[in-house]
Amino acid sequence: MPPDLIVSNARVLTMDPARPRAEAVALARGRIQALGPRGEIEALAGLETRIIDAQGRTVLPGFVESHLHLVLGGAELAHLQVGGLHGIDALRDAFRGFADRHPDRPLLMAQGADYGMIGRPMTRHDLDAILPDRPIAITAADHHTVWANTAALKAAGILSGLATPHGHEVMMGGDGLATGELREFEAFAPVIALGGEARLNIGIATGGEPAPWPDAAARAIDKAKVLAGLRHCASHGITSLVNMDGNRYTLALLAEMRDAGDLLGRVKVPFHFKPHMDMAELDRADAMSAEFDDDWLCCRFVKMFMDGVIDSGTAFMLNDYPDQPGHRSEPLFDAARFAAIATEIDRRGLQIAVHAIGDAAVRSTIDGYEAALRANGPRDSRHRIEHIEMIDPADIPRLGALGITASLQPSHPPGAMDFPLQPTMDRVGRARWGDAYLWRSLAEGGAPLAFASDWPVTDVSVMRGIKAALTRRPYEGARDERLPLAETLRAYTAGGAWAAHRDHVTGTLRPGMAADVVMLGCDIETTPPDEIDRHPVALTVCGGRITHEGAV
């Protein structure tokens with residue numbers, strides 16, 4: 001049968017060690033049909049075959065975005081973006097212009113703030129000076145802190161405080177009222193709900209399900225936001241996504257989109273196990289995994305948070321924060337309980353992914369995985385640790401020895417892309433700079449790598465992520481933690497597919513694999529690293545279907 005599509009005259013990097021390069025690739029019926037020399041592959045064409053001349057540009061397996069928040073990212077595309085803005089005047093101008101454009105929104109929500117945005121800790125009074133009579137709120141780029149004005153706090157019913165689970169906090173002032181700083185998801189969920197997006201946040205906030213179950217009209221609103229997110233990802237060459245929050249509702253929305261032909265990528269969605277949950281809740285993870293399990297949509301893993309983030313002082317550290325003697329934060333799961341939970345999840349044959357940023361959180365997670373291995377014996381678990389922004393050198397070889405995937409974000413190290421060096425590096429402390437963001441050290445220690453963006457925490461652009469990975473500068477006194485281009489590309493393709501248990505479907509270009517292909521806007525091997533992001537993705541194909549077509 002003639003192929004449906006041929007991409008030819010290309011620099012094809014297959015990620016298949018048995019045949020690492022080719023000049024052309026033929027796609028038929030949603031699968032890779034053949035790869036090889038240009039003349040040989042073009043000879044397969046029939047009358048209906050479309051042939052795309054890559055003009056010497058790089059062709060790769062479709063990118064695997066190994067850690068993102070698809071539903072939240074899709075919704076936030078319609079919010080005010082304040083990343084890069086600094087000073088109260090710039091923030092005021094942005095908010096007032098946004099308010100004029102959206103006079104009927106019940107909540108004016110901004111995204112992308114850094115913790116030093118106005119040069120001091122932000123309060124509701126700062127935001128009241130911008131707009132006192134309409135609810136407004138700003139989410140930190142890391143999505144672990146929200147700042148809200150008085151109107152928003154009143155509307156959400158939390159101006160006088162809120163009882164929250166451990167690790168989530170409405171910060172209170174000396175006047176007995178909320179300061180406007182809301183730490184972690186369950187503290188700021190009531191403010192998010194003002195904007196009508198509570199359903200989309202349940203998976204990450206509580207791990208529960210919407211009640212009552214949303215009707216068709218409500219689901220249509222939510223699916224439109226998810227579709228916007230999928231289109232945005234497709235424009236960046238992404239064909240597989242590991243969503244890092246979720247519930248059965250998320251899977252149900254995606255299944256409806258799959259059945260309607262609107263699922264533009266392969267999505268893996270976790271069951272989100274929260275600290276307040278009983279072990280029996282894992283039955284829900286089993287049920288989700290059984291109900292949704294095909295090449296396009298699956299569960300089969302459990303997501304947990306061990307700690308928060310460095311900037312807010314909620315990352316769990318082995319040593320005191322330099323500017324807060326005696327403060328190391330606390331884990332969301334104590335060591336014994338986490339080990340028991342990890343052992344039970346592993347016993348059920350499910351994968352585990354744990355957000356762990358501080359070095360103490362990373363160690364606790366490794367210890368829990370080691371306990372599961374001792375109890376259950378070895379299996380193809382591919383358990384993961386997400387972020388690993390700090391790690392004690394003694395723990396580096398343990399990841400490789402235990403087969404733990406390091407799920408990392410090249411856009412996250414301060415100074416590498418959009419995050420400024422401060423205040424994060426001061427919170428880390430100069431004495432610990434050599435233990436921060438150790439991508440190369442982890443790889444050399446044998447840890448499998450999967451790269452991602454954590455969108456909408458940072459830009460989902462893989463090209464920008466690749467540039468960040470290749471151009472980040474070492475911190476003073478620290479070694480160069482960059483990886484070569486080939487390893488970086490593998491972490492965005494075959495490495496990500498393996499980490500998601502999807503390597504039998506995607507991640508490499510070889511006959512019989514899914515027709516998930518990305519054509520870049522350049523020959524990435526000859527493009528200077530600091531120019532890579534100037535070349536947008538030219539073509540994205542997922543399952544043989546063109547999901548994005550730029551300048552081809």
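Derivation of every value follows stated rules applied to the coordinates shown; laboratory data play no part. All figures in this text were calculated on a predicted structure; none of them were measured in a lab. Note that each Cβ is placed from the backbone with ideal geometry, even for glycine, and that neighbours are counted across all protein chains shown.
Give the shape of the range 82-200 as rounded, prolate or oblate, defined through the alpha-carbon gyration tensor: a ≥ b ≥ c are the square roots of its eigenvalues, a/c under 1.5 means rounded, and otherwise the shape is prolate if a/b is larger than b/c and oblate if not.
It comes out rounded by the Cα gyration axes.
Hey, got the Cα dimensions of the range 62-128 along the principal axes, in Å, largest first?
Each principal axis gives a Cα extent; for the range 62-128 these are 44, 30, 17 Å.
For the range 132-194, what percent of Cα pairs sit more than 14 Å apart?
So the portion of pairs separated by more than 14 Å is 47 percent.
Let me have the 222 nm mean residue ellipticity of the chain computed from DSSP H runs of 4+ only, each contributing -39500 (n - 2.57), with the sum over all residues rounded to the nearest 500.
Using -39500 (n - 2.57) per qualifying helix, the result is -9000 deg cm²/dmol.
Quick check: the angle from helix 88-101's long axis to the longest principal axis of the chain, C-alpha only, nearest 10 degrees?
Once rounded, one gets 70 degrees.
Just to verify a number: FRET efficiency for ASP523 and ALA18, C-beta to C-beta distance, R0 = 22 Å, to 0.05?
Given R0 = 22 Å and the Cβ-Cβ separation, E is 0.45.
With a Förster radius of 45 Å, plug the Cβ-Cβ distance of ASP128 and ALA45 into 1/(1 + (r/R0)^6) and report the FRET value to the nearest 0.05.
Computed FRET efficiency for ASP128 and ALA45: 0.10.
Hey, any idea what Rg/Rh is for the range 1-47, computing Rh the Kirkwood way over Cα pairs?
0.96
Calculate, in nm to one decimal, what GLU370 and ASP259 gain on full extension: separation in residues at 0.36 nm each, minus their alpha carbon distance.
35.9 nm
If one puts a single equal scatterer on every Cα of the range 301-440 and applies the Debye formula without solvent, what log₁₀ I(q)/I(0) results at q = 0.14, 0.17 Å⁻¹?
After summing over all Cα pairs, the log10 values are -0.61, -0.88.
What list of ³J(HN,Hα) values in whole Hz, one per residue of the range 388-396 in order, does the Karplus curve 6.51 cos²θ - 1.76 cosθ + 1.60 (θ = phi - 60°) give from phi, with Gly and Pro shown as x?
After applying 6.51 cos²θ - 1.76 cosθ + 1.60, I find 6, 6, 10, 8, 6, x, 5, 8, 4 Hz.
Set the Förster radius R0 to 35 Å, insert the Cβ-Cβ distance between ASP480 and ALA90 as r into 1/(1 + (r/R0)^6), and round the FRET efficiency to 0.05.
After rounding, the FRET efficiency stands at 0.50.
Against the longest principal axis of the chain, how steep is helix 282-291, in degrees 0 to 90 to the nearest 10, with axes from Cα atoms?
30 degrees
Pull out the extension gain between ALA217 and ARG473, defined as 0.36 nm times the separation in residues minus the alpha carbon to alpha carbon distance; nm, one decimal.
Value of the extension gain: 87.3 nm.
Quick one: divide the alpha-carbon radius of gyration of the range 422-552 by 2.2 N^0.38 Å and tell me what you get.
Relative to the 2.2 N^0.38 Å estimate, the range 422-552 comes out at 1.19.
Ignoring the sites themselves, what is the longest stretch of the chain with no GluC sites (Glu not before Pro) in a DSSP loop and at most 16 other beta-carbon atoms within 10 Å?
Result, exposed sites excluded: 49-475.
May I ask for the angle, rounded to the nearest 10°, between helix 335-347 and the longest principal axis of the chain, with both axes built from Cα atoms and the value confined to 0 to 90°?
Rounded to the nearest ten degrees, it is 30.
Taking the inverse of the average 1/r across all pairs of different Cα atoms in the range 279-384, what Kirkwood radius in Å do you get?
Answer for the range 279-384: a Kirkwood hydrodynamic radius of 14.8 Å.
Could you please state, rounded to a whole Å, how far the C-alpha centre of the range 1-36 is from the C-alpha centre of the range 383-402?
36 Å
For the range 419-493 and the range 47-123, what is the separation of their Cα centres, given in Å?
The range 419-493 and the range 47-123 have Cα centres separated by 21 Å.
Note down the relative contact order for the range 122-279 as a percent, whole number, built from C-alpha pairs under 8 angstrom at least six residues apart.
Reported as a whole number, the value is 17 percent.
Work out, step by step, the length gained on full extension between GLN422 and ALA280: first 0.36 nm times the residue separation, then minus their alpha carbon distance; give nm to one decimal.
That pair, GLN422 and ALA280, stretches by 46.9 nm at full extension.
Semi-axes of the range 366-449's equivalent ellipsoid from the Cα gyration tensor, sqrt of 5 times each eigenvalue, largest first, rounded to whole Å?
Calculated on Cα positions only, the semi-axes equal 27, 13, 10 Å.
Sequence neighbours fewer than 8 away in the same chain don't count; with that in mind, list the lysines whose C-alpha is under 22 Å from LYS223.
LYS268
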